[in-house]
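The values are calculated or read from the model by the stated rules, or taken from the named source; none is laboratory data. Remember, predicted model here, so these are calculated numbers, not experimental data. Neighbour counts run over all protein chains shown; Cβ positions are idealised from the backbone, glycine included. With ligands, DNA and RNA removed, areas are computed over all heavy atoms of the protein, side chains included. Shrake-Rupley method; radii C 1.70, N 1.55, O 1.52, S 1.80 Å.
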Amino acid sequence: MIVIPEHRIREMKAKGWWGDVTLDDLFRRHVAAHPDTEALIDPFNAADITGGAPERLTWAQSADAVERLAAVLHAHGVGKDDVVVIQLPNIAQLSIAYLACLRLGAIISPAPVQYREHELGYIIGKTDAVAVITAERIGKQKHGEMLVAMKPACPTLRHVLVLGETCPDGALNLDALTEAVTPADRAAAETAARAAQVTADDIVTICWTSGTEAQPKGVPRSHNEWIIMGHGVIDAADLEPGASLLNPFPMVNMGGISTAFIGWLLLGGALIQHHPFDLQVLLKQMRDEKIDYTVAPPAVLNLLLQNEAMLEGIDFRRLKSIGSGSAPLSEWMVRGFHEKYGVQIVNYFGSNEGASFPSALKDLPEAADRASLFPRLGEGFEWNCVLHDRIFTRLVDPETDQEITGPGRPGELRVKGATIFSGYWRAPEINERAFDADGWFRTGDLFELAGDRLQFLKFVGRLKDIIIRGGMNISSEEIESHLMAHPAVAEAAVVGAPDPNLGERLLAFVVFRPGQSATLPEINAFLTGDRHVAVYKQIERLETLEALPRNPVGKILKRELRQSVANETQPA
C-alpha cells in the first residue's frame, strides 16, 4: 500500500534522496554476502522474558527463519496490505517477524509489550488487523491468552500466532507451525512475495505516537522513509559496515527501529537485543559482545560516568559512539565520555513522524553545544551530517504564525523534507491540523535560535507544555532541565496548577535521589541563585513522588499528573 502522494515520490527520487531498494532487498544482500556471520543475538536472559532459550543466529539461519514464518503467514491468508500487529520484546524473533511480514507486503504495526486490552483493541480496530504475533508470555503476563480472549471483540482479527512451548486454546503455535514448513510451503510464499511487487514506497510499519496527551495516532512509514532515517543514524555515529549494535530501546518506534532494525540492515553486522532495561545485563552485554554502538538515556550515562568501575572491561577501542536523547544532556557527561574514553555522545532529537535529526561530533565538536543544541537544518547553513540538505526547519510564532528569525523567542518547530511522513493513518481531520498551509509539519516542539550566526536550534519545550502564569509563558521543560541540575533531584516534571488569579502556578513533581531531599525554599534558591532563573519561574508547589508515571516507551505521562491536580479541585 502506498499512501505517499505521487508528486512527493517523484520529487524525492529526482533529488536522489529516495531509491528503489526495499528492506527485504537489503536483508537478502547480506544473507548472500556473508551467510555464516552472526546476525541476530538474543539477550542472555531471554528465558526470563519469554521462556525461550536465547538464540544466536547467523544471516543464513535468520533467512531460514524468515522463510519459514513467511510460509506460515502466507498459508494462513496473510498477504499484501494486510496489517499484522506484533507484540514481542527485543528478541531475535522480533526482527524475524518484521522481515517475514514486509517480504509478503503485509504492514507491521508494532505494539509495546506493556500494552493491554484497551490499547491493543484500539490498534487492531484502527488498522483492521488480521493477525497478531506475540509470545505465550512476556515476563509474567500471559499475552497469548489475553489476545485470544480479545478475538470476539475484534471482528477482523483472524489469527493469534504465539511463540512458546505451550499455546493457549484458540491460538496458533508458531514454534510447531514453522517447524512443519515444507519446501512447497516456502516456494508458495516466495511466489506470493514476488507477486506482491512490493516497492520501496509501500508502507512497512504503522507505529503509534506515545499518546502522552491524547489517543495514539498511527504513523505509516515506507521503506524509503525508514532507510533515510537509518542512514542519518549511522552517519551521525560514524558507524562502519559490519558494526555490532546493542539495542536496549523497545523496537516499536522511531528510536528503536531506526537505530537497531534499519541500522542493522544497512550495515550488515550483528544486532544484539536487550529488553527490558536492566543495567547489569546491559553492562555484561557491552563487555561480552564487543559492540560498536549502543544507546542509553542521559540518566544512565550520567550514572556510569559517576561510577567508572562499572565501565571496566568494555572495549572502548571499538565502542566509539553512544546515542542518547529524549531529555537534556549534561555537558559534563558529554565531555567526560569523550575525554576519558574517546567516546562521542550523539544527541538525537526525534519523533515517529520523522522530525528527527542528530547533534553529532562532526558538526558540534564542543560538548556544551552538543548537549543542548542542534544544527539548524535548511537553506543558508551547511553541515557535515548526511541529512543536512534533506531536512528543512523553520520556527514560527504559534500565535501569529509569523516566522521567527531572531534569538530569544520560542517558536514552534516546523519541518519539511525526505524524512517526514505524509499523514496519520485514517485521520484526515488530524492531518489538516498537523500540516500548515505550505505543507510544513507542525511538530508541537518549541525551539529558539541560538549561536553567533543563529546556526543552532535550542529545544525549550513542548507547545502544549507551556504554563501561562499571569500572562507570562513559561516552558515546563526549561524549568525541568534546571531542576535536573539540582544535586538532590533524580527526575522532575513541571505542570501548571490551576489558579483563580494567575491562571496557572508552577507545580513540580520531583523524585529525589536515594537518601537526599530538598525543601521548596531550597529548590527555589537553587533556581534563582545557582541557575539564575527569573523569579516568576520559581516553583510554587512541590510534590514528592517515588517515581514519575511513564508510558511504555518511557515518556512522562503529564496528563496523569495534571489530572491528579484537576481532581483536587472537583467538588466532593
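Restrict the check to region 554-571 and report whether at least one residue is more than 32 Å from the chain's Cα centre (by Cα) and touching a residue at least 40 places away in the same chain (Cβ under 8 Å).
yes
Counting only residues that are open to solvent by 30 Å² or more (accessible area, probe 1.4 Å) and either touching a His at 6+ places or on another chain (Cβ under 6 Å) or not basic (Lys, Arg) (or both), how many does region 500-509 have? Spell out how you get there, then give the answer.
Here is the first cut: in region 500-509, the residues open to solvent by 30 Å² or more (accessible area, probe 1.4 Å) are 500-505.
Subsequent filtering for residues that are either touching a His at 6+ places or on another chain (Cβ under 6 Å) or not basic (Lys, Arg) (or both) retains 500-504.
Looking only at that region, the number is 5.
Checking the conditions here, which among 99, 104, 94 is under 18 Å from the mean Cα position of the chain (by Cα), of a type outside the set (Gly, Ala, Ser) and closer than 24 Å to residue 199 by Cα? Before you say what the answer is, go through the steps one by one.
On the way: 99 fails: under 18 Å from the mean Cα position of the chain (by Cα); 104 fails: under 18 Å from the mean Cα position of the chain (by Cα).
Going through 99, 104, 94 in turn, just one is under 18 Å from the mean Cα position of the chain (by Cα), of a type outside the set (Gly, Ala, Ser) and closer than 24 Å to residue 199 by Cα: 94.
Take the conditions free of Cβ contacts under 8 Å to residues at least 12 places away in the same chain and among the basic types (Lys, Arg) and apply them to residue 433. Does it pass? Talk me through it step by step, then tell me what you get.
Working: free of Cβ contacts under 8 Å to residues at least 12 places away in the same chain: yes; among the basic types (Lys, Arg): yes.
Yes.
What about residue 364, is it open to solvent by less than 10 Å² (accessible area, probe 1.4 Å) and either over 22 Å from residue 10 (Cα atoms) or touching a His at 6+ places or on another chain (Cβ under 8 Å) (or both)?
Taking the combined requirement at face value, the residue satisfies it.
Test each condition in (1) closer than 28 Å to residue 490 by Cα; (2) out of contact with any Asp or Glu (no Cβ under 9 Å at 6 or more places or on another chain) for residue 391 and report the one that comes out false.
Unmet condition: (1).
Go through region 176-235 and give me each residue that's modelled with pLDDT of 95 or more, buried (at least 16 other Cβ atoms within 10 Å of the Cβ), out of contact with any Phe, Trp or Tyr (no Cβ under 8 Å at 6 or more places or on another chain) and of a type in the set (Ser, Thr, Tyr).
Listed by number, the residues that qualify are 178, 222.
Every residue, every condition in (1) open to solvent by 20 Å² or more (accessible area, probe 1.4 Å); (2) closer than 14 Å to residue 271 by Cβ; (3) not in a loop (DSSP other than H, G, I, E, B), yes or no:
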residue	(1), (2), (3)
27	no, yes, yes
30	yes, yes, yes
36	yes, no, no
53	yes, no, no
68	yes, no, yes
73	no, no, yes
84	no, no, yes
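Right, residue 216: touching a Lys or Arg at 6+ places or on another chain (Cβ under 9 Å), of a type outside the set (Gly, Ala, Ser), touching a residue at least 60 places away in the same chain (Cβ under 8 Å) and more than 21 Å from residue 345 (Cβ to Cβ) or not?
Taking the combined requirement at face value, the residue satisfies it.
Write out, first by first residue and then by second, each pair whose Cβ atoms fall under 7 Å of each other, whose residues are 6+ apart or on separate chains, and whose first residue, in region 116-134, is farther than 13 Å from residue 153 by Cβ and among the polar types (S, T, N, Q) while the second is open to solvent by less than 10 Å² (accessible area, probe 1.4 Å) and assigned to a helix (DSSP H, G or I).
134/143; 134/144; 134/147
Among all residue pairs at least 6 apart or on different chains, which show Cβ distances below 6 Å where the first residue, located in region 21-44, is among the aromatic types (Phe, Trp, Tyr) and the second is open to solvent by 10 Å² or more (accessible area, probe 1.4 Å)?
44/54
Assuming residue 515 fulfils every condition listed in (1) within 25 Å of the chain's Cα centre (by Cα); (2) farther than 30 Å from residue 382 by Cβ apart from one, which condition is it?
Of everything listed in (1) within 25 Å of the chain's Cα centre (by Cα); (2) farther than 30 Å from residue 382 by Cβ, residue 515 misses just condition (1).
So, in region 1-46, exactly how many residues are in contact with a Pro (Cβ under 7 Å, 6 or more places away or on another chain) and under 27 Å from residue 288 (Cα atoms)?
Matching residues across region 1-46 total 4.
Give the number of residues within region 277-335 that are assigned to a helix (DSSP H, G or I), of a type in the set (A, V, I, L, M) and touching a strand residue (DSSP E or B) at 6+ places or on another chain (Cβ under 8 Å).
The number of residues fulfilling the criteria is 6.
Pick from 458, 464: which is surrounded by fewer than 20 Cβ atoms within 10 Å (Cβ to Cβ), under 21 Å from residue 380 (Cβ atoms) and under 22 Å from the mean Cα position of the chain (by Cα)?
458
Can you tell me which residue among 571, 521 is over 30 Å from residue 253 (Cα atoms), open to solvent by 70 Å² or more (accessible area, probe 1.4 Å), modelled with pLDDT of 85 or more and not aromatic (Phe, Trp, Tyr)?
521
Can you tell which of 491, 560 is of a type outside the set (Phe, Trp, Tyr), touching a strand residue (DSSP E or B) at 6+ places or on another chain (Cβ under 8 Å) and open to solvent by 30 Å² or more (accessible area, probe 1.4 Å)? I'd like the intermediate steps shown before the answer.
Details: 560 fails: touching a strand residue (DSSP E or B) at 6+ places or on another chain (Cβ under 8 Å).
On inspection, the qualifying residue turns out to be 491.
Test residue 108 against the criterion of being in contact with a Phe, Trp or Tyr (Cβ under 7 Å, 6 or more places away or on another chain), within 24 Å of residue 188 (Cα to Cα) and at pLDDT 95 or above, and give yes or no.
In short, yes.
Does residue 306 meet the test of being closer than 29 Å to residue 86 by Cα and more than 15 Å from the chain's Cα centre (by Cα)?
No; evaluated as a whole, the condition is false for this residue.
Failed condition for residue 550, given (1) open to solvent by 20 Å² or more (accessible area, probe 1.4 Å); (2) under 23 Å from residue 407 (Cα atoms); (3) touching a strand residue (DSSP E or B) at 6+ places or on another chain (Cβ under 7 Å), with all others met?
Only one criterion in (1) open to solvent by 20 Å² or more (accessible area, probe 1.4 Å); (2) under 23 Å from residue 407 (Cα atoms); (3) touching a strand residue (DSSP E or B) at 6+ places or on another chain (Cβ under 7 Å) is unmet by residue 550, namely (2).
With respect to residue 272, determine if the residue is touching a helix residue (DSSP H, G or I) at 6+ places or on another chain (Cβ under 8 Å) and assigned to a helix (DSSP H, G or I).
no
If I filter region 396-427 down to residues being outside any loop (DSSP other than H, G, I, E, B) and open to solvent by less than 60 Å² (accessible area, probe 1.4 Å), which single residue comes out as farthest from residue 452 (Cα to Cα)?
Among residues in region 396-427 that are outside any loop (DSSP other than H, G, I, E, B) and open to solvent by less than 60 Å² (accessible area, probe 1.4 Å), the one farthest from residue 452 (Cα to Cα) is 417.
Would you mind stating whether residue 77 is among the small types (Gly, Ala, Ser), surrounded by fewer than 22 Cβ atoms within 10 Å (Cβ to Cβ), modelled with pLDDT of 95 or more and assigned to a loop (DSSP other than H, G, I, E, B)?
yes
Restricting to region 241-274, what's the tally of residues that are surrounded by 22 or more Cβ atoms within 10 Å (Cβ to Cβ) and either at positive phi or among the β-branched types (Val, Ile, Thr) (or both)?
Count: 5.
For region 400-415, give me each residue that is out of contact with any Leu (no Cβ under 7 Å at 6 or more places or on another chain) and under 14 Å from residue 351 (Cβ atoms).
Answer for region 400-415, where residues must be out of contact with any Leu (no Cβ under 7 Å at 6 or more places or on another chain) and under 14 Å from residue 351 (Cβ atoms): 414, 415.
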